[in-house]
Each structure stands twice: as C-alpha cells, then as structure tokens.
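Here the structure comes first, spelled out in structure tokens, and everything after it is commentary.
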Amino acid sequence: MNTNARPRRSVLYMPGSNARALEKGRSLPADALIMDLEDAVAPAAKGEARGLVLEALEAGGYGHREIVIRVNGLDTPWGYDDLIMAARANADAVLLPKVESADMVRRAEAILRAAGAPDSLAIWCMMETPRGILHAEEIADASRRLEVLVMGTSDLAKDLHCAHTEMRLPMLHSLSTCILAARAAGLAILDGVHLDLNDDEGFRESCRAGQEMGFDGKTLIHPKTIGVANEVFAPSEEDVAWGRKIIDAYKEAVAKGSAVVLVDGKLIENLHVEGAERIVKLVEAIEDRDSV
Ligand SMILES: CC(C)(COP(=O)(O)OP(=O)(O)OC[C@H]1O[C@@H](n2cnc3c(N)ncnc32)[C@H](O)[C@@H]1OP(=O)(O)O)[C@@H](O)C(=O)NCCC(=O)NCCSC(=O)C[C@H](O)C(=O)O
Ligand SMILES: [Mg+2]
C-alpha cells in the first residue's frame with residue numbers, strides 16, 4: 001500500500017508510563033504520536049504503562065493524530081501482552097522494535113490476528129540493528145499491514161559503534177538502505193530522533209538533511225520540536241506552485257497529443273508530473289488537517 005500522501009512530518013514519542021504526556025498529546029500539533037511501552041518505560045513500570053495507554057485510547061480525544069503503540073519485543077517478558085493489548089486498543093498502528101527479519105514481523109502479525117486485531121491496524125517497524133538493516137528489503141515486504149519503517153538511530157549508533165552526529169554521516173549507508181527498501185515496497189519512512197534538546201540549530205539541520213534524503217518526517221522526543229519538523233517536512237510554497245503549474249501544463253500538452261512540454265525552459269515529462277502530484281496531494285492533506 002502506498003501511504004506516502006499521509007502527513008507524517010512530526011511523530012512524537014511519549015512514554016506510556018507518563019500520564020501527563022499522554023494527556024498532552026491530545027492538544028499537540030504532531031501528525032502522529034507513538035505511545036511507547038519499550039525503551040522509555042522502566043521494567044518495573046511496564047504493566048502500569050500498558051494500562052495507562054489502553055485507558056488513554058479508550059478515553060480518545062486524539063483527533064486527526066495517527067496513534068501508534070510501540071510494544072516491547074517478543075523476546076522480552078512484556079512483548080506478547082503488549083501485542084494483545086494493542087490488537088484491542090483503538091490504535092492506528094503497532095510499532096515493532098528491533099525488527100531483524102520478515103519472520104519477526106509475521107510472528108507479531110499472527111498474534112495480532114489471533115487476538116482479533118482489525119484489518120485496519122497497521123504495522124510499523126523500527127530499523128535499528130545491523131541485522132535489521134541488512135534485511136531491510138525482506139522486512140519491507142513482510143506483510144500487507146506494513147506501512148512505515150522508522151529509523152532507530154540511537155540503537156543503531158550503539159550497535160555500529162559509530163558517532164550519532166546531527167547529519168548522521170556515519171549511518172548514511174544504513175539510512176539509504178532503509179529508504180531504498182521502503183520506497184521499493186511503497187512504504188513511508190521516518191528519520192530517527194535528535195537527542196540534544198538544547199541544540200535548536202542542529203535539530204533544524206538534521207530535519208533538513210533528513211528531508212533532502214527522502215524521509216517523510218522525523219521522530220521526536222519533545223513537543224517543542226514539533227513546529228520545526230512540521231515546517232521542514234512540508235512542501236514549500238514554491239514547490240507546490242511549481243507542481244500545480246507543471247501538472248496543468250502537462251495536461252494541456254497531453255490533450256494536444258504530446259508527451260513532453262517545456263515550462264519556464266525546463267523539460268517536463270510524466271515522471272515530473274507524478275512527483276508533483278505527490279507533493280500537491282500531501283499539501284492538500286496538510287491543509288485539510290489544519291482546517292479541522
Ligand atoms: C526528555 C523528557 C524526559 C523531558 O521531559 P520534561 O523534563 O518533562 O520536559 P519539559 O519540562 O520541558 O516538558 C514541558 C512540557 O511538555 C510535556 N512533555 C515533555 N515531553 C513530552 C513528550 N514526549 N510527549 C508529550 N508531552 C511531553 C511535559 O509533560 C510538560 O508538560 P506541562 O506539564 O504542560 O508543562 C521528555 O520529553 C520525554 O520523556 N521524552 C520522550 C522520551 C522517549 O519517549 N524516549 C524513547 C523514544 S526515543 C527512542 O527510543 C528512539 C529509538 O528507539 C532509537 O533507538 O533511536
Ligand atoms: Mg531504539
């Protein structure tokens with residue numbers, strides 16, 4: 001399924017054990033919220049966090065925000081119960097951590113299905129281990145429920161023994177491999193988190209670098225970073241105006257029997273129009289969302 005027109009510019013992690021954060025998510029301008037049961041929750045608080053997330057979702061009030069539950073791995077004492085809860089909660093997607101093979105996705109999917117998860121419940125996968133990156137292509141093709149790959153650059157930097165710099169150059173091969181796998185399978189893909197909350201300039205730069213690489217949005221750890229991510233990952237006014245202009249010009253050319261047209265001296269073919277249509281659809285989806 002190609003889900004790239006859905007805005008996922010800003011995707012905020014919220015510890016499932018933090019009731020205040022879960023409450024605050026109802027009013028934040030993030031495109032999606034990840035209610036985390038994994039690394040943001042201490043082992044002693046796992047059960048309580050599962051209950052808080054379920055309660056928050058039963059209460060609702062998250063409006064247009066896409067709701068994602070990050071579960072613990074099936075190799076932990078909490079993963080199975082997390083999946084059973086996620087299958088029955090009113091969420092849009094389940095985020096599987098540290099995915100290393102298509103089989104890991106299929107095992108989680110089988111548990112969700114057996115627990116009565118609706119067909120609409122999507123699966124997102126964290127790409128954050130060397131083995132997972134090496135298997136990105138088979139993971140991206142593992143399930144019809146799969147919609148989004150999410151880079152876990154903190155775990156990845158730890159496992160690669162590389163620096164976690166704002167531009168992520170030491171991880172460039174891993175990032176590009178996952179982008180290739182996601183696009184080949186028609187999935188969306190999100191960049192990893194920027195950990196330094198005092199580094200506003202570095203954060204903006206990392207968003208810009210991610211947007212240029214082809215990511216659909218950025219995962220975030222604090223509400224104060226949502227605005228910049230929304231701005232950087234939205235198509236610019238110039239891109240949208242240019243997109244609309246070439247779509248119109250190309251339509252006219254096709255009506256006259258031509259497959260190419262020059263707009264302001266630039267050659268426009270079908271492939272440029274496809275890119276422009278994606279940008280226009282995305283901006284329309286953002287406008288729809290902002291008008292609610
Ligand atoms: C980093 C934090 C612990 C900082 O929290 P805090 O000290 O409370 O910050 P502030 O006082 O500045 O907060 C101001 C208000 O904003 C709310 N808040 C803060 N963070 C969030 C949030 N993430 N979601 C919702 N609301 C949030 C506070 O409650 C304050 O509200 P108010 O009461 O109205 O003033 C904290 O930001 C935090 O816990 N962040 C998330 C950490 C997390 O989820 N980490 C795990 C995901 S990252 C990861 O695992 C990546 C991946 O797996 C990898 O390997 O790379
Ligand atoms: Mg991680």
Filtered residue count, the range 29-48, keeping only those that are away from ligand 2 (no atom under 16 Å from the Cβ), among the small types (G, A, S) and in contact with a strand residue (DSSP E or B) (Cβ under 8 Å, 6 or more places away or on another chain): 2
Entirely in the range 1-97, the strands (runs of 3 or more DSSP E) that have 1 or more residues that are more than 12 Å from ligand 1 (Cβ to nearest atom) and either open to solvent by 40 Å² or more (accessible area, probe 1.4 Å) or more than 21 Å from L187 (Cα to Cα) (or both): none
Subset tally (residues that are open to solvent by 80 Å² or more (accessible area, probe 1.4 Å) and under 19 Å from the mean Cα position of the chain (by Cα)) for the range 102-124: 1
Residues that are more than 15 Å from ligand 1 (Cβ to nearest atom) and touching an Asp or Glu at 6+ places or on another chain (Cβ under 8 Å), drawn from the range 143-169: S143, R145, M167
Residue pairs meeting the criteria (Cβ under 6 Å; at least 6 apart or on separate chains; first among the charged types (D, E, K, R), in the range 79-105; second part of a helix (DSSP H, G or I) and open to solvent by 10 Å² or more (accessible area, probe 1.4 Å)): E100/R131
Pair list, Cβ < 6 Å and 6+ apart or interchain, from the range 125-141 residues that are under 8 Å from E100 (Cα atoms) to residues that are more than 16 Å from ligand 2 (Cβ to nearest atom) and not in a helix (DSSP H, G or I): H135/S101
Wholly within the range 171-280, strands (runs of 3 or more DSSP E) carrying at least 1 residues that are exposed (fewer than 13 other Cβ atoms within 10 Å of the Cβ): 261-263, 266-268
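The values are calculated or read from the model by the stated rules, or taken from the named source; none is laboratory data. Computed from a prediction, not measured in an experiment: that's the story for all the values here. Cβ coordinates were reconstructed from backbone atoms using ideal geometry, including for glycine residues, and neighbour counts include every protein chain displayed. Protein only, heavy atoms only, side chains kept; ligands, DNA and RNA dropped before computing areas. Shrake-Rupley method; radii C 1.70, N 1.55, O 1.52, S 1.80 Å.
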